[in-house]
Structures are given as C-alpha cells and as structure tokens.
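The values are calculated or read from the model by the stated rules, or taken from the named source; none is laboratory data. Just so you know, these numbers come straight off a predicted model, no measurement behind them. Note that we place each Cβ from the backbone using ideal geometry, even for glycine, and neighbour counts take in every protein chain shown. Areas reflect the complete protein model, heavy atoms only, side chains present, ligands, DNA and RNA absent. Shrake-Rupley method; radii C 1.70, N 1.55, O 1.52, S 1.80 Å.
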Amino acid sequence: MRLLSLLICFLAICNTQADLMDTLVKEALHIKNVMSNSDNGENKANYVRRSQSQIVSNRRIVNNSVANGQNAKISRTLISRKKFFPVDVIKEIRISPAGDKVAYIARNNGLDSIHIIPTIGHSAFANVINDNVHVKKMHFVGNNDLVYSYLDEENVMKLTRVNLTSKKRKDISPTDDAKSIRVIEGKEGIITVSYNGESYSSHKINLSNSTPTLIKESDVPLMAFFDDQLNPKLYYKNISANEAEVFVNDGSKEGRQIDQIDLEKEKYISISDSSCHKLSGKNGQTLFTSLNLKNNAQRQVIIAGVSKMSDCKAQLDRNKNPLFITVSMARKTHVPLCELAATHIKNLNYLFSGMDWRRVDSTADGNIWLICVGNPQKPDKYYLYDVRNRKLIATASNSLDGASLQPTVVVKIPTQDGSYLHGYLTKTANHSIKSPLILIVNARRRYGWEFSPLVQLLANRGYSVLCVNHRSDKSDPQNAEFSLTAQDIVDSLNWCMKNRVASGGNISIVAHNTSGADAIQAFLKNQKTLASCLLLSPTFPEENSILSKQETIDGLRKPLLVVNSLNNAGDTSSLEGADGSPLSYIGYEKKPGNDIIAGLAEKFFAKVYKNPRCEKLSAKDVETFTPITDGLALINQDNQDEDDDRSEEGGSAYDML
C-alpha cells in the first residue's frame, strides 16, 4: 500500500505521561492496514508499536525544514514530481461536532473521496466514502451526517447526504442546473445557495425529510447569517452594485436596520446573541468592529499593517463571537480579540516553534481545535489542540521534509490607476536578473501564504515564480479593448523589470480558468517582453472564441501551450491548420494526475528556455493526452518508461495551483 505523505495527528486529552502512552494516534494508513489485515495479529501488533512510537509529550514541534529567508541551493538531483504531488494529499479536512471523528478529502482509486477516521479514545470505524465521483466540498450536519458536493457527467453540481452509521445515501440536489452550490450548516439541516450561471436560488433542506424548500430566487447571492436552527439573524437588503442595508431580526416583519455598508470595503463576519461583528478596509487599514445590539455600544480593533479584508479571516467561538483574526500576508499572524485567545495564540506559537499555523475547524463546544501547520516552503500537516489542557500529539514527517524548498516573500505592485496588487515571489536558488521568471495569473482565486506544489516544483527546476492576486474585471475581456486584469498583468511585468526581478524576454505567463482570456490579451500585445504563455483549463465566455480567431493564430510569435479537457475545448476547427506555428493545444478525456500536467508544463518551459533540468514524461503519461495541434512537438515518445498511472475522471488542470 502506498505510504501516505501527509499524516493526520491527533490530541490525547489526558493529564499524565502514562495516559498519553495509553492512547493511539489513528493515522489513516495505519488504520487501513489494520482493517485490511484484520486476521493478521502481527500486523495489528506492528500498528500498535508504530502508533505508540509516534506519540510525543507536550513538547515543542521542531521545524526541520529550510528556515524562512534562507536561500537553499539547488540539489544536484531533481526532486521527483510525485513528491510535490502526492496521490493522497488532503484537500479539505473537518472535525465532527462531537470531536469523535475527522473527515478529509483525499485521493482513493483515482477519485477525490471522503475518508473518515476516529480520533483518539473513540471506537468509530475508519472508512472511505467513494461513490465514483470527485468530491468537491463536504460539511458535517449533526455528528453522524455528511453532505458533500460533486460535479456529475454533465458538469452540473450535485449534493448528496450520507449517514455515517447506516451508510445510506440520498440525493438532495436543490436544482437541476447548478454550476456551484454554497452550503450553510445548521444542527439539523442546511441552507444551499445555488448559481446556474444567471441567477441564484436559496433552499432550506431539513435532514428529517431531505426535501429542498425554496426560500428565494435572486440576481444576487444570499447574504445572511443564521442560527443553528437556520433562522435568519442578520441579513442584507436593498443590495445594489456596491451598497447594502444591514438588518437584524428583532421579531418584527421587516427587522431592524443597523447599518448601511460599502460591499467592496465592508463585510459582516458573524452575529452572536448580543453582538454583531464586521471588518472594514478603509484608509489603508483594516478595522474590526463589534456592535452591541442592546445598547449600540461599539468596540473597535485596528488590524495593523493590513489594507485588505481578504487577507483576514475571523475565528469564532461556539457562540459566534470572534476569538481572533488570522492575517495571511508575509506569514500567518493572529490578532487576539480577547484574553483567552491571546493565551492560546501564545501557547500555539510556542508549541510550533514559531512556524505558521492556522485554525481550520473546531468541535461544537470549541474544546478541540483542528490546526494546520504549513507555509510556502512547508506542505500542510494537521494536529488537534486540546483547548482545556493545551496539549498536542504529533506523528511522522511527510515526503518533502528536509527537501531544499525555496522561501517566498510578499511583494506590493503599484498599478497605473494608483492601486496596489499583492503578490508572492519565490526565487530560485542563485537567482539573478537573467533567471527565467514564471508569472502566475490569478484574478478569480486568491493566493495566500501557503504551499503551492507547482511553484516549488518550478523553483526546483531553476525558475523564479511570481503569483499575483490580480483584480477581477466584470466586463467580457474578449469584447473589451483591454481588460482591467490584462492591464494588471502588464503592470506586474513592468514591476518585475523595473525592480530587476527579471529581464524582458525572460518572463512567461501561466493562467488558468477564466483568467485565460485576460492572459491572452496581455500576451499577444507584449510578446517582445514575454517568452511564452501557458493556459491551464481556460474557460472563455464564448467558449474558445479568442483562440478560434485566425488573427490570434497569425499573431503568435512566441510559444503558447493550452491544456484543456476535450469536453471544454469549444470550437477548435481553426487550430487544425496551425501546425508549424508556436502553438500546442493539448486535450484530454480523463484528466491526468496533477504531477503529469505539471510534467507537461515542465517540458514546455524546458523547451522555451532550453533548460536541461527537466524530469521526463513517461510514454504512459503521454498517452493520456490528445493533441489538437502540437506545433511545439511536446507530445512524442522520446521518454523513459515509468509504471505509474494516475489518470482521473473529470476535474480540471488548474487545481494543482
């Protein structure tokens, strides 16, 4: 059985060293071994010995990875792509309300499946929920029910409820045309907000009958906060482009208005029985405000050095009162909002030796926190923290511990209109102005202070990488003369050259999803500055109309690689005669593993920059691709053989970012 590269760590709630040694760390692979070899006493004994040897007392967790700011030298041998893209990497993780089990999404038989494992001291059985679909998101509803979302064969978002005791499943999809579904959790049910590409619909689903009941349909998403019984407590009304009126439920029909906010600069984050809480981004700083609903008294805390609300995440207690604000910029920092939070932040900073950590989830009573530790140089690990006893238990390392990974710094990029963009720059070892630079374009998904396998892979191969949170342009970039996002890309290029991060002609763009149209705009008009462009799973408003235009093909002077599902390729008839041009459009029916797509990107940049530091694709990997046109001759059989097959149904090529 393949070793798990990311092991889940659990907390023993006990007061003595003897109690600690009596508990077992039920890490996923070990549980699977015991279950699959239930008749083998030797395997059970080995499991117990391994588990006990991994339990440690309440000592600090030592950071053995490369220290932040320390520029590691490129190792003589390449780090294998599979170490950057392990099969069983955890994509989402939750702890049950009672704390007796943990659920996480990871790969199983080629599919993103839900894994359930018991926490220490509990006897629940480990199992895998695999319904031959790629699970996108999951939510605990009560302690023994999970609701999870997935895309069906027609790319429609579906919801399924599963009872973890009876294993019974039931489809509870609120609509038949949802492109996305947001779930709001309650104790006995959920509220869903579905978007079909044109409008939003909100439904309430009670677990007693699992029948969706329509709440409202609207052109804007549901903006409200609910109690555990899914009754509205705070909600927005009269929503316009940038403004909304804020009401609280006081028992009257209309409710009581308490505020009018700028949606771009202010947002409410929670409401408790007595107070509501919001973040405001004004005058170059972020402000936390707590409003007492009984006497209208306000309490404010300035989040120093933070100008964007998107960099802040509120952590709540069991009564929906904010405990602290986690800020993700140059590193993760935590701003306490009460004395109790300050105590735990200080303790966790000590236990993790100053490493970056964040609270992912907690039990319903708030007594156990699920903690993630990781940063751009360190893949995520998970721990349970006992709030009452303030203790941790840790397990073994993952596959990249000790590897020479590159440090990341936060940069601030000015724009032509006087605003700023935030970016994350990872320089390769021995970086100079002549080093190739990869600019990753991302206008629809925020980058943060976190580990990115593609970034570290490229840095290991000799490329510096700049990930920038470009602004999203609501206009159609195919019809606009030059979109806001495309201009942000150009501003990022100019910043790189002005600050001697890279030289003109040595920069390449990587874009994904709906940022593809913006990247094409910037690429076509700046080919003197750029070396190449790579589009991963691009989705354009009118299918692939930009790529289908003959002037696009005729205007290409630098290499362009497009990697996309054949189901989403759109009209590619104009590409059939493009052989000989610097364009490769590579499709796939079943999405290859992320390491294989990264391998194709690696080969592309190796050709562009004539870089010998490249791990080859195997012939088996190459067979997963179907070239529509391959002017760059990327798909061929001059590769060494390997015996790994990681193709998967569905999915897109950009989730490795």
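Using a probe radius of 1.4 angstrom, the carbon and sulfur fraction of the accessible surface of region 179-224 is 45%. The peptide list 518-524, 211-217, put in order of mean Cβ contacts within 10 Å with the highest first, becomes 518-524, 211-217. For region 139-218, taking Cα atoms only, Rg and Dmax work out to 12.1, 38 Å respectively.
Scanning residues 5 or more positions from Leu421 or on other chains, those with amide H under 5 Å from its amide H are Ile413, Thr415, with H placed 1.01 Å from N in the peptide plane. Computed 3J(HN,Hα) for region 182-188, one whole-Hz value per residue from the Karplus formula 6.51 cos²θ - 1.76 cosθ + 1.60 where θ = phi - 60°, is 9, 10, 10, 8, x, 5, 10, glycine and proline marked x. Taking every Cα-Cα distance in region 124-180 and sorting them into 10 Å bins from zero, the calculated P(r) comes out as 22, 56, 20, 2 percent.
Could you tell me whether region 172-267 comes out rounded, prolate or oblate from its Cα gyration tensor? Rule is a ≥ b ≥ c as square roots of the eigenvalues, rounded for a/c under 1.5, then prolate if a/b exceeds b/c, otherwise oblate. It is oblate, given that a/c is not under 1.5 and a/b is not larger than b/c. Once the chain from Gln229 to Asp262 is taken as fully extended at 0.36 nm per residue, the excess over their C-alpha distance is 9.0 nm.
For Met223, the amide hydrogen comes within under 5 Å of the amide hydrogens of Tyr236, counting only partners 5 or more places away or on other chains and with H modelled in the peptide plane. Ordering 484-494, 340-350 by mean Cβ neighbour count within 10 Å, with the highest value first, yields 484-494, 340-350.
A cut-off of 5 Å between modelled amide H atoms, ignoring neighbours fewer than 5 places along the same chain, links Ser270 with His277. Extension gain for Arg388-Asn127 works out to 91.0 nm (0.36 nm per residue, less the C-alpha to C-alpha distance).
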